[in-house]
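Data first, discussion second: the structure below is written as C-alpha cells.
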Amino acid sequence: MKARIVSTGAYLPSKILTNLDLEQMVDTSDEWITSRTGIKERRIAHEEEFTSDMGLKAAQEALAQAKLPPEKIDLIIFATHTPDHFFPSTACMIQKELGAKNAAGFDIQAACSGYLYGLSVAKSFIESGAYKNILLVASEKLSSIIDYEDRNTCILFGDGASSAIISNEGAGLIIPHICLGSDGDQENLIKLPAGGCRKVASKESVDCREHFLRMEGREVFKHAVRRMEQAAIECLEHEGLTDADVSWLIAHQANIRIIDAIAKRFSIPADRVYKTVHKYGNTSSSSVGIALHELLLDGNVNEGDRLLLVAFGAGLTWGAALLEKNSNG
Ligand code: ACO
C-alpha cells in the first residue's frame, strides 16, 4: 500500500510587511535584505489571528479539494513550534473546529523541518494500514516570537500555514521515500531561550528578551546547505535516482542564496526550482507545504513528474522527501 498526497491547502494572512516597512523599524535597507536573502515582503498574522486559526483555514482548503468530510479523517498531525498553548495540542484545537470527531491528533515539533517530519509519520501510519486518511497541517505565527528590534532575525520570518491530506488510495502524489536527520550538538544555533521548564517565564527573562528567537545566521547557513544536500542525495540514492530524474526542487524557503546553492549542487535548472521566499519570507514548518500547494495550483506538475522537497531547521533537524505524480490512483 502506497501513501499519497491527495490534496493540499495553504493560508497566508492578508497583512504585508515590506522591506520598506522594516527600514522604519530597524537599521536595515531593502537593498541589504534583497541581496542577502531574496525576501521583498512577508505576511504577518493579525493580533487576534493565531496558529490554530491559520492552520484551520489551510486544513479546510485541503478537505474541500479532496471532497473529504471531516468525519473521515482518522488522524491530525499538526507541525508547529509556535502553538497557541503548550497544551492542549493545536491538533485538538482544530479537530474541534473542523468537526473531525473520529480523528486522533497530536502536535509535532521539528521547527522548519516539521512538514517533512509530519509527512514521514503520516506515510508510516498509512502504509502500516493503521489509518486511511490523515490531515497534516503546518502552521506558524512566527511574528509572536520575533524580536522586531533585532535586525539579524526580524527581516527573515513571516506567518502562514499549509496542509495536506495523505490517504491510502486516490490520485495524487505518491511518496516513494522520505529521509530525516537531526544533530542535537548544534542545539544552540537557533533557540528560544526561555519559556520552557529550564527557564520559566519571569520578569528577568522578559527584560532580557529571552522569549524571542535567537539565531547564529552565518553558522546556520553553512549547516543548512550541507544537511539538505546530504538528505537529498540519500533520498535519491535510496530510489536509484539521480538529480537528472528531478522535475521540481522545493527547498525550505529560508534564503534565496541557500535555495540557489542547493539547486547548483544538483544541477537543477533555475526554472525547475520553485520559490515563494520573495513574497512570504521564512514561514518555518509551513514553507515547503505552501510552495508545494502553489506549484500544484500553477498546473505545471505533469504525470510521472518527480518532486524533491528538502527542509532544515532548529534542532538541528532536516529532511528530504521524494514525491511522484500519479493520476491513476
Ligand atoms: N540589515 C543590515 N545589516 C545587517 C542585517 C540587516 N537586516 N542583519 C545583519 N546585518 C549585518 C551584520 O550585523 C553584519 O555586520 P558586521 O559585519 O558589521 O558584523 C553583516 O550584516 C553581515 O552579517 P552576516 O550574518 O554575515 O550576513 P549573512 O550574509 O550571513 O546573512 C542571514 C545573514 C540572512 C541571516 C543568513 O546567514 C541566513 O540566511 N542564515 C540562515 C538562516 C536559516 O536558514 N534559518 C533556517 C532555520 S530557522 C528555524 O528553524 C526557525
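Taking R0 as 41 Å, what's the FRET efficiency between LYS67 and LEU20 from their Cβ-Cβ distance, rounded to 0.05? Calculated value: 0.45.
Under 13 Å from the Cβ of GLU210, count the other residues' Cβ atoms, weight Lys and Arg +1, Asp and Glu -1, and hand me the total. For residues surrounding GLU210, the net value is +2.
Taking a ≥ b ≥ c as the square roots of the Cα gyration tensor eigenvalues, segment 4-171 comes out prolate, since a/c reaches at least 1.5 and a/b is larger than b/c. The lysine pair tally for segment 176-326, using Cα distances under 21 Å and a gap of 8 or more places or different chains, is 7.
What you get for segment 176-326, charging only the Cβ of Lys and Arg (+1) and of Asp and Glu (-1), is a dipole of about 660 debye around the Cα centre.
Would you work out the charge dipole size for the chain about its Cα centre, treating the Cβ of every Lys and Arg as +1 and the Cβ of every Asp and Glu as -1, and quote it to the nearest 20 debye?
It works out to roughly 380 debye.
Only one residue of GLN109, PRO70, LEU142 has its Cα farthest out toward the positive end of the dipole of segment 42-177, where Lys and Arg carry +1 and Asp and Glu -1 on Cβ, and that residue is PRO70.
Across segment 176-326, the mean sequence separation of Cα contacts (distance under 8 Å, 6 or more residues apart), normalised by length, yields a relative contact order of 35 percent. When the helices of the chain are scored as -39500 (n - 2.57) per DSSP H run of n ≥ 4 and the total is divided over every residue, the value at 222 nm lands at -9500 deg cm²/dmol. Comparing GLY9, SER284, GLY217 along the charge dipole axis of the chain, the residue lying farthest to the positive side is GLY9, per the Cβ-charge model. Just check segment 229-270 against the gyration tensor rule for me: Cα atoms, a ≥ b ≥ c as the square roots of the eigenvalues, rounded for a/c under 1.5, and otherwise prolate or oblate depending on whether a/b exceeds b/c. It is prolate, given that a/c is not under 1.5 and a/b is the larger ratio.
Just report the Cα centroid separation between segment 18-74 and segment 201-259, whole Å. If you average the Cα positions of each part, the centres end up 18 Å apart. Volume per residue for segment 176-326 equals 127 cubic angstrom (convex hull of Cα atoms).
Would you mind counting up the charge near GLY38? Only other residues with Cβ under 9 Å from its Cβ, with Lys and Arg at +1 and Asp and Glu at -1.
Net local charge, GLY38 excluded: +3.
Rg and Dmax, both from the Cα atoms of segment 163-259 and both in Å, are 18.8, 55.
If R₀ is 30 angstrom, what is the calculated FRET efficiency for the pair ARG198 and ASP271, using the beta carbon separation as r and rounding to 0.05?
0.05
Each of TYR148, TYR117, TYR274 has some number of other Cβ atoms within 10 Å of its Cβ, and from fewest to most they run TYR148, TYR274, TYR117. Averaging 1/r over every pair of different alpha carbons in the chain and inverting the result gives a Kirkwood radius of 19.7 Å.
Bear in mind that the values in this text are calculations on the coordinates, not laboratory data. Being a predicted model, the structure only gives us computed values, none of them experimental. Here Cβ is always computed from backbone atoms with ideal geometry, including for glycine, and neighbour counts include all displayed protein chains.
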